[in-house]
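A.B. asks: Quick one: structure below, then a few questions.
The values are calculated or read from the model by the stated rules, or taken from the named source; none is laboratory data. Because the structure is a prediction, the values reported are computed rather than measured. Note that we place each Cβ from the backbone using ideal geometry, even for glycine, and neighbour counts take in every protein chain shown.
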Amino acid sequence: MCRRRPSAPERAVAAGTVDTGYVRISRGMALFLLAFGVWSWLLWPTFLRNILGDEQSWSNGAPTAFLWVHVVIAVVSLVLGTVIGVFGLRAYRASRDG
């Protein structure tokens with residue numbers, strides 16, 4: 001039978017080190033992540049409004065592939081920007097507390 005290779009936390013415990021499972025982010029990096037999240041919400045809604053108004057987005061009133069591709073890009077970017085901004089906010093709050 002094959003033996004399973006120990007995971008990184010298992011190897012750390014075996015080596016006598018402690019893995020707390022937390023990542024420490026500096027206050028400056030936390031502010032950068034937060035600014036990125038805010039920037040995403042300033043940039044992408046404007047981009048989406050411009051795409052919706054573009055004549056390439058519509059063909060006889062029906063949405064085109066051009067529109068769908070850009071809507072997907074904008075939505076994914078807003079979701080990622082939100083997640084990154086929340087990480088930044090949580091990291092900033094944690095840096096203030098401790």
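A.B. asks: Of everything in segment 39-54, what is among the aliphatic types (A, V, I, L, M) and over 26 Å from Val86 (Cβ atoms)? Give them in sequence order.
C.D. replies: Once the filter is applied, which keeps residues that are among the aliphatic types (A, V, I, L, M) and over 26 Å from Val86 (Cβ atoms), segment 39-54 yields only Leu52.
A.B. asks: Name the residue, out of Leu80, Leu67, Leu52, that is under 26 Å from Tyr22 (Cα atoms) and either surrounded by 11 or more Cβ atoms within 10 Å (Cβ to Cβ) or touching a Leu at 6+ places or on another chain (Cβ under 7 Å) (or both).
C.D. replies: Answer to the selection: Leu80.
For every residue, the table says whether it meets (1) in a helix (DSSP H, G or I); (2) closer than 30 Å to Arg93 by Cβ; (3) at pLDDT 95 or above; (4) out of contact with any Asp or Glu (no Cβ under 8 Å at 6 or more places or on another chain).
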| site | (1), (2), (3), (4) |
| --- | --- |
| Ile25 | no, yes, no, yes |
| Gly28 | yes, yes, no, yes |
| Leu34 | yes, yes, yes, yes |
| Trp39 | yes, yes, yes, yes |
| Leu42 | yes, yes, yes, yes |
| Ile51 | yes, no, yes, yes |
| His70 | yes, no, yes, yes |
| Val75 | yes, yes, yes, yes |
| Leu78 | yes, yes, yes, yes |
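A.B. asks: Hey, another quick one. Consider only pairs whose beta carbons are under 9 Å apart and that are at least six residues apart or on different chains; among these, list those whose first residue lies in segment 85-98 and is over 16 Å from Trp39 (Cβ atoms) and whose second residue is aromatic (Phe, Trp, Tyr) and at pLDDT below 95.
C.D. replies: That search, which allows pairs on different chains as well, returns Ala94/Tyr22.
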